[in-house]
Amino acid sequence: MVKGLGGKSYDERLQMLNLWTLEERKKRQDLIEVFKICKGMIYCTINPSNLFYFNNNRKGTRGHSFKLVKLWCMRDSRKHFFFK
C-alpha cells in the first residue's frame, strides 16, 4: 500500500493516484474486446453478427462505418454480455 493513503476513501485514493474507477476500467476492457472481435485479432468462437451489426447509415458516424448496433434479444446471456 502507498504510505499516507490508509485513512482515505476509495474515491480520494483514486484521485490522488490518478487512477480510473473499476467501472471505467471494465467499460474500457469491453471496448477493447469488441474491437478485437470485430477486427478478427483474437481467435474466439464468438460470431460478432450474433451480438451486434454495423450501422450502414452514415448519418451520425462522422464518416466511418464502425457504429455498432446491439441486437434485440430475449435471453439474459446476451442481454448482459457486456458490462453496463
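Just so you know, in segment 1-38 the residues that are surrounded by 11 or more Cβ atoms within 10 Å (Cβ to Cβ) and part of a loop (DSSP other than H, G, I, E, B) include one that is modelled with the lowest pLDDT, and it is 5.
Listed by first and then second residue, the pairs with beta-carbon distance under 6 Å, at least 6 apart or on different chains, first residue in segment 32-51 and more than 14 Å from residue 68 (Cα to Cα), second part of a helix (DSSP H, G or I), are 42/36; 46/37. Taking the condition modelled with pLDDT of 70 or more and in contact with an Asp or Glu (Cβ under 9 Å, 6 or more places away or on another chain), does residue 68 pass? Against the criterion (modelled with pLDDT of 70 or more and in contact with an Asp or Glu (Cβ under 9 Å, 6 or more places away or on another chain)), residue 68 does not qualify.
The values are calculated or read from the model by the stated rules, or taken from the named source; none is laboratory data. Since the structure is predicted, the reported quantities are computational estimates derived from the model, not experimental observations. Every residue, glycine among them, receives a Cβ derived from its backbone with ideal geometry; neighbour counts consider all protein chains shown.
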